[in-house]
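Novice: Sharing a structure with you now.
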Amino acid sequence: MDFLEIKKRFPKKRPRLTEQYMSIYERHYKDNREGKGFFNFLSSYMESWAHKVISNKQIHNEEILEIGAGTLNHLKHEKNYSVYDIVEPFKNLYQDSIEIKKINNFYESLFEIKNKKYDRIISIMTFEHLEDLPRITEKCRELLKKNGTLQIAIPCEGELAFKLGWKLTTGLGFRAKYGLDYSKIMSHEHLNSLNEILIVLSHYFKIKKFLRSPFILPVKNLSFYCVIECS
């Protein structure tokens with residue numbers, strides 16, 4: 001499938017959640033991002049691989065933009081930056097974080113950013129959520145410096161291991177705590193598959209690296225997460 005066929009699918013419409021789900025949605029999302037509870041801890045522990053791979057340990061004084069910064073749980077992995085801006089529409093996720101003092105600029109939308117370019121744009125577990133993936137990816141290209149890098153980490157959505165992974169961790173915890181089906185949350189949240197994201201990224205960027213998480217194995221249908229690096 002080529003880019004033009006994929007582009008016709010966007011912008012996507014997010015399936016609605018019932019009031020029963022919405023009443024617990026924000027609390028659950030924050031707990032999940034912070035790894036609270038046994039099953040959320042397992043999920044966060046597996047995601048930690050992506051944070052370590054994306055973090056910069058060599059280049060100093062970078063200007064970084066993080067898309068979908070959530071609870072600012074990635075920031076502790078970054079050391080060598082001069083500017084750290086974030087895009088995060090849900091202020092409740094980060095307003096109590098101890099890392100908040102390290103942020104230079106807060107944006108609710110990527111399209112608020114004008115006349116600014118970054119050495120690195122990073123995003124951890126966000127591109128699978130984007131309703132208009134092509135438009136946001138194109139904006140990322142505009143915001144990168146000439147030799148800049150886009151790094152994203154995403155779940156291997158659409159593959160076997162990831163589906164089994166959430167069913168046997170977060171899904172079990174969610175049902176035990178709320179008595180509800182977690183697949184409704186996943187359908188609401190994860191709009192884009194790994195394959196769709198790769199096709200869109202390949203249209204706007206050159207993909208330099210594609211790494212799969214080692215657990216269970218770094219091959220298709222047996223890895224939970226991947227990191228994609230673009231220039």
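Novice: Just checking, how many residues over region 174-231 are in a helix (DSSP H, G or I), out of contact with any helix residue (DSSP H, G or I) (no Cβ under 7 Å at 6 or more places or on another chain) and among the charged types (D, E, K, R)?
Specialist: 2
Novice: Taking the stated definitions as given, is Tyr29 hydroxyl-bearing (Ser, Thr, Tyr), touching a residue at least 60 places away in the same chain (Cβ under 8 Å), closer than 24 Å to Leu194 by Cβ and surrounded by fewer than 20 Cβ atoms within 10 Å (Cβ to Cβ)?
Specialist: yes
Novice: Condition (residue is surrounded by fewer than 19 Cβ atoms within 10 Å (Cβ to Cβ) and of a type in the set (Asp, Glu)) applied to region 174-185: is it met by at least one residue?
Specialist: Yes; the residues of region 174-185 include at least one that is surrounded by fewer than 19 Cβ atoms within 10 Å (Cβ to Cβ) and of a type in the set (Asp, Glu).
Novice: Among residues belonging to region 136-173 that are touching a strand residue (DSSP E or B) at 6+ places or on another chain (Cβ under 6 Å) and polar (S, T, N, Q), point out the one that is surrounded by the fewest Cβ atoms within 10 Å (Cβ to Cβ).
Specialist: Result: Thr149.
Novice: Of the numbered conditions (1) surrounded by 15 or more Cβ atoms within 10 Å (Cβ to Cβ); (2) in contact with a strand residue (DSSP E or B) (Cβ under 8 Å, 6 or more places away or on another chain); (3) farther than 22 Å from Lys57 by Cα; (4) not small (Gly, Ala, Ser), Leu130 fails exactly one; give the number of that condition.
Specialist: (2)
Novice: If you go through region 76-85 one residue at a time, do you hit one that is among the small types (Gly, Ala, Ser), touching an Asp or Glu at 6+ places or on another chain (Cβ under 8 Å) and modelled with pLDDT under 80?
Specialist: Looking for residues that are among the small types (Gly, Ala, Ser), touching an Asp or Glu at 6+ places or on another chain (Cβ under 8 Å) and modelled with pLDDT under 80, one finds none in region 76-85, hence no.
Novice: From the list Leu93, Leu4, pick out the single residue that is surrounded by 14 or more Cβ atoms within 10 Å (Cβ to Cβ) and out of contact with any His (no Cβ under 7 Å at 6 or more places or on another chain).
Specialist: Answer to the selection: Leu93.
Novice: Looking only at residues in region 110-127 that are of a type outside the set (Lys, Arg) and outside any strand (DSSP E or B), which one is surrounded by the most Cβ atoms within 10 Å (Cβ to Cβ)?
Specialist: Among residues in region 110-127 that are of a type outside the set (Lys, Arg) and outside any strand (DSSP E or B), the one surrounded by the most Cβ atoms within 10 Å (Cβ to Cβ) is Phe127.
Novice: Return the only residue of Gly158, Gly171, Gly148 being small (Gly, Ala, Ser) and in contact with a helix residue (DSSP H, G or I) (Cβ under 7 Å, 6 or more places away or on another chain).
Specialist: When all the criteria are applied, what remains is Gly158.
Novice: Sort through Glu142, Glu131 and tell me the only one that's free of Cβ contacts under 8 Å to residues at least 60 places away in the same chain and not in a strand (DSSP E or B).
Specialist: Step by step, each of Glu142, Glu131 is checked, and only Glu142 is free of Cβ contacts under 8 Å to residues at least 60 places away in the same chain and not in a strand (DSSP E or B).
Novice: For residues that are out of contact with any strand residue (DSSP E or B) (no Cβ under 6 Å at 6 or more places or on another chain), part of a helix (DSSP H, G or I) and either modelled with pLDDT of 75 or more or not basic (Lys, Arg) (or both), tally how many sit in region 18-61.
Specialist: Residues meeting the conditions: 28.
Novice: Would you mind stating whether Phe205 is surrounded by 18 or more Cβ atoms within 10 Å (Cβ to Cβ), under 20 Å from Leu133 (Cβ atoms), in contact with a strand residue (DSSP E or B) (Cβ under 9 Å, 6 or more places away or on another chain) and of a type in the set (Phe, Trp, Tyr)?
Specialist: Against the criterion (surrounded by 18 or more Cβ atoms within 10 Å (Cβ to Cβ), under 20 Å from Leu133 (Cβ atoms), in contact with a strand residue (DSSP E or B) (Cβ under 9 Å, 6 or more places away or on another chain) and of a type in the set (Phe, Trp, Tyr)), Phe205 qualifies.
Novice: Let me ask another. Regarding region 70-80, can at least one residue be identified that is touching a residue at least 60 places away in the same chain (Cβ under 8 Å), touching a Phe, Trp or Tyr at 6+ places or on another chain (Cβ under 6 Å) and not in a helix (DSSP H, G or I)?
Specialist: Looking through region 70-80, none of the residues is touching a residue at least 60 places away in the same chain (Cβ under 8 Å), touching a Phe, Trp or Tyr at 6+ places or on another chain (Cβ under 6 Å) and not in a helix (DSSP H, G or I).
Novice: Kindly check whether there is at least one residue in region 94-109 that is closer than 25 Å to Ile199 by Cα and either of a type in the set (Val, Ile, Thr) or assigned to a helix (DSSP H, G or I) (or both).
Specialist: For region 94-109, residues closer than 25 Å to Ile199 by Cα and either of a type in the set (Val, Ile, Thr) or assigned to a helix (DSSP H, G or I) (or both): absent.
The values are calculated or read from the model by the stated rules, or taken from the named source; none is laboratory data. Note that the structure is a prediction, hence the values are computed from the model and not measured. Cβ atoms come from the backbone with ideal geometry, glycine included; neighbour counts cover every protein chain shown.
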